[in-house]
Amino acid sequence: GAGVSQSPSNKVTEKGKDVELRCDPISGHTALYWYRQSLGQGLEFLIYFQGNSAPDKSGLPSDRFSAERTGGSVSTLTIQRTQQEDSAVYLCASSSLLAEQYFGPGTRLTVT
Amino acid sequence: KNEVEQSPQNLTAQEGEFITINCSYSVGISALHWLQQHPGGGIVSLFMLSSGKKKHGRLIATINIQEKHSSLHITASHPRDSAVYICAVGDSWGKLQFGAGTQVVVTP
């Protein structure tokens, strides 16, 4: 069956540009999580969706980061005015409520 | 100080050896997860547990809630077990807080 998919797999962007990262969760999974993995910080939580609402946005590092989820399915993470410290692998995971999480392959973002 | 501590950071074993990775945490949790990440690869969930012990094939995970400690054991290790193993604790939303990971190398 289809797992979690993310696009693009790689994104190179210039400092100051906006980027959008997409996550397609497993069908029927109500919970969706965004994480990022960087060399300096390891794996860290960004935001959690239950359905279309985001009860926990505590991991978003600045107001340049935002995310939305529509139709209880696809989610988009947007980073405005990208900075070099935003370079990381952005991971999406989905699950049934409080069940094991299934991770997507990630989007590698490089800000030049 | 990280609220999820793993040890060791790195581990090298010969094929067939028994491997143990430890995880201690200092926060309240709903569940503890063990994840595996191969080089250049994605993250796979190995175990999610909130009490006791679970076994999948050659992998065993245990948790002691009172001591806030979990262990991941690999029996009869094999070179294909070479990967980074990550301990993560989940809160009531399922949000994960991660340890730094343990790099495991199993040599033939």
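A simple spin-label model places the labels of A:E68 and B:R58 4.9 nm from each other, with each point 7 Å out along Cα-to-Cβ. Once the Cβ-Cβ distance of B:R80 and A:A99 is raised to the sixth power relative to R0 = 35 Å, the FRET efficiency obtained is 0.85.
Mind putting a number on the dipole of region B:1-97 about its Cα centre? Charges go on the C-beta only, +1 for Lys and Arg and -1 for Asp and Glu, and I need it in Debye to the nearest 20.
220
Largest accessible area first, the listed residues A:T13, B:T20, A:T112, B:T12 line up as B:T12, A:T112, B:T20, A:T13 when surface is computed with a 1.4 Å probe on the assembled protein chains. Under 5 Å from the amide H of A:I47 lie the amide H atoms of A:W34, each residue being 5 or more positions distant or on a separate chain, with H modelled from the backbone and absent for Pro and chain starts. Of the trypsin sites (Lys or Arg not before Pro) found in region B:1-67, the ones in coil according to DSSP and having at most 11 other Cβ atoms within 10 Å of their Cβ are B:K1. Each label was represented as a point 7 Å from its Cα along the Cα-to-Cβ direction; for B:L49 and B:F18 these points are 1.5 nm apart. Share of carbon and sulfur in the accessible area of region B:1-65 stands at 48%, probe radius 1.4 Å.
Spin-label model, B:S30 to A:R22: label points 7 Å out along the Cα-to-beta-carbon direction sit 2.9 nm apart.
Only lysines eight or more places from B:K54 in sequence, or on another chain, were considered; those with a Cα closer than 18 Å are B:K68. A Förster radius of 35 Å combined with the Cβ-Cβ distance from B:Q66 to A:S38 puts the calculated FRET efficiency at roughly 0.55. In straight-distance terms, cross-link reach from B:K55 covers every one of the aspartates and glutamates whose alpha-carbon lies under 19 Å from its own, apart from those fewer than eight places away in the same chain; here that gives A:E100, B:E17, B:D81.
Just check region B:29-98 against the gyration tensor rule for me: Cα atoms, a ≥ b ≥ c as the square roots of the eigenvalues, rounded for a/c under 1.5, and otherwise prolate or oblate depending on whether a/b exceeds b/c. The shape class here is oblate. Per-residue Karplus couplings for region B:60-71, computed as 6.51 cos²θ - 1.76 cosθ + 1.60 with θ equal to phi - 60°, are listed in order as 10, 10, 10, 9, 10, 5, 5, 8, 6, 8, 9, 10 Hz, Gly and Pro entered as x. Checking every one of the GluC sites (Glu not before Pro) in region A:11-73 against DSSP loop status and a limit of 11 other Cβ atoms within 10 Å picks out A:E14.
Just tell me how shielded A:100-107 is by partners: mean number of partner chain Cβ atoms within 10 Å of each residue's Cβ, no decimals.
Neighbouring Cβ atoms belonging to other protein chains average 5 per residue here.
Inter-part distance, region A:68-99 to region A:17-32, computed on C-alpha centroids, equals 6 Å.
Label the protein assembly as shown by shape, choosing from rounded, prolate and oblate, from the square roots a ≥ b ≥ c of the eigenvalues of the Cα gyration tensor; if a/c is under 1.5 it is rounded, and otherwise prolate applies when a/b is larger than b/c, oblate when it is not.
Prolate.
Among the lysines, select those whose C-alpha is under 19 Å from the C-alpha of A:K57, and discard any that sit fewer than 8 residues away in the same chain. Cross-link targets: B:K95. Can you compute 3J(HN,Hα) from phi for each residue in region A:28-40, using the Karplus curve 6.51 cos²θ - 1.76 cosθ + 1.60 with θ = phi - 60°, rounded to whole Hz and x for Gly and Pro? My calculation for region A:28-40 gives x, 6, 7, 9, 9, 10, 10, 10, 9, 10, 10, 4, x Hz in order.
Between B:H73 and A:A2, the FRET efficiency from the beta-carbon distance, with R0 = 30 Å, is close to 0.40.
The values are calculated or read from the model by the stated rules, or taken from the named source; none is laboratory data. The structure presented is a predicted model; accordingly, all values stated were derived computationally and were not measured. Please note: Cβ atoms are built from the backbone with ideal geometry, for glycine as well, and neighbour counts cover all protein chains shown. The protein model used for the area step is the full one, side chains on, heavy atoms only, and it has no ligands, DNA or RNA in it. Shrake-Rupley method; radii C 1.70, N 1.55, O 1.52, S 1.80 Å.
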